[in-house]
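What follows is a single structure, written as structure tokens, with notes after it.
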Amino acid sequence: MAIKIRKAIEADAPQMAALSEQRRIQYQVYQPVFWRKAKDSEQVQRPFLAQQIANDEIIALVCEGEGGLRGFVIATVWGGKVCNIDDFCVALPAEWAIVGRALLEAAGEAAKAHGIERYLIVCGHLDHPKRAMLQAFGLSIDHYWFTAPIVQPPDQNSPCSIRPAQSGDVAQMAVLAKNGRTEYAEIGRDNALVLVCEKAEVLLGYAIGRIVSAPPVYDPGGQTCLVSEFVVGDSTDWPAVGTALFEEIVRKALRLGGVQIVAVCDAADQPKQAMLQASGLTIASEWYQ
């Protein structure tokens with residue numbers, strides 16, 4: 001199949017939105033809450049795509065072939081050294097190996113002109129053809145997004161005390177994080193849930209969740225609790241401390257209108273993954289570098 005990669009133009013937005021709609025229909029079978037599309041998702045996305053195409057700080061490429069567009073990719077390249085790719089579609093699953101790879105290579109070459117050094121690409125966990133292309137391209141999974149609908153957890157005796165974080169906890173939280181972080185601006189914010197687990201005044205772990213709305217092309221049925229940081233000091237504490245923190249953040253998110261929880265987890269953190277799976281979460285998406 002003869003294909004041509006070129007910069008997207010505003011007139012491409014309707015076909016790009018149609019390809020995205022096709023993917024959303026496919027993905028909502030994988031995760032009926034997390035990937036549930038909004039009724040008017042295709043119409044909502046068209047002006048958004050047109051704005052992306054017009055933005056000089058965004059790389060928007062399409063692949064032309066027989067019958068029209070065979071795929072497209074949108075990469076953000078502002079700030080840092082990462083080429084972030086979320087909107088990335090092909091017309092047929094079998095075309096990932098050729099069309100998808102060609103688009104990815106072209107986006108990478110364009111990103112180099114912006115000083116970008118590496119990719120960060122999201123992929124549905126069950127999108128096997130796309131996953132195979134990314135892996136064949138030489139990329140590997142950096143982290144996962146785990147998800148589950150929110151349900152009231154059972155009352156259990158916690159091995160530690162769970163409470164909202166305070167400013168005096170910051171130093172211990174930073175030690176637990178082991179990433180050089182020195183401040184936690186989320187503490188005290190209305191849309192943030194920052195909880196710590198302590199025993200004998202020693203912090204054993206903490207979790208940070210934000211109550212957020214889904215992108216307008218999706219409709220999970222309510223708010224999402226996105227747990228972006230979830231840390232324990234000892235990996236053997238995930239079954240007890242991690243579960244206690246998770247269940248308490250679920251309770252609080254439920255009272256704030258949360259219908260689903262999403263937890264970010266490094267690909268290499270097997271104990272954390274095991275705790276999330278034991279709590280009923282499954283992988284929604286993978287993030288490749």
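For the chain, a Gaussian network of Cα nodes joined below 10 Å ranks 242, 258, 80 by mean-square fluctuation, and the top entry is 80.
For the chain, lysine pairs with C-alpha atoms less than 24 angstrom apart, excluding pairs fewer than eight positions apart on the same chain, total 15.
Between the amide H of residue 219 and those of 36, 37, 38, distances stay under 5 Å, these residues lying 5 or more places away or on another chain, with hydrogens modeled in the peptide plane.
For the pair the stretch 91-164 / the stretch 15-37, the C-alpha centres are spaced 15 Å from each other. One decimal place: the segment residue 135-residue 39 gains 31.3 nm when fully extended, by the rule 0.36 nm per residue minus the C-alpha distance. The calculated pair-distance distribution of the stretch 179-245 uses every alpha carbon pair, bins of 5 angstrom beginning at 0, and gives 3, 15, 21, 21, 17, 12, 7, 3, 1, 0 percent.
Rounded to 0.05, the FRET efficiency of the residue 97 and residue 51 pair, given R0 = 30 Å and the Cβ-Cβ distance, is 0.45.
Shape summary of the chain, radius of gyration then Dmax from alpha carbon positions: 20.7, 68 Å. Per-residue Karplus couplings for the stretch 123-134, computed as 6.51 cos²θ - 1.76 cosθ + 1.60 with θ equal to phi - 60°, are listed in order as 8, x, 4, 9, 8, 4, x, 5, 4, 4, 5, 4 Hz, Gly and Pro entered as x.
Binning the C-alpha pair distances of the stretch 148-288 at 5 Å intervals from 0 yields a P(r) profile of 2, 10, 20, 24, 22, 15, 6, 2, 0, 0 %, listed from the shortest bin outward. Every helix of 4 or more DSSP H residues in the chain counts as -39500 (n - 2.57), and over all residues that averages to -9000 deg cm²/dmol at 222 nm. Among beta bridges from DSSP that stay inside the stretch 142-256, the antiparallel ones total about 100%.
All of the numbers you see were taken from the coordinates with simple rules; none came from a lab. For clarity, every value in this text was computed on a predicted model and none was experimentally measured. Quick reminder, even Gly has a Cβ in these numbers, built from the backbone with ideal geometry, and neighbours come from all protein chains shown.
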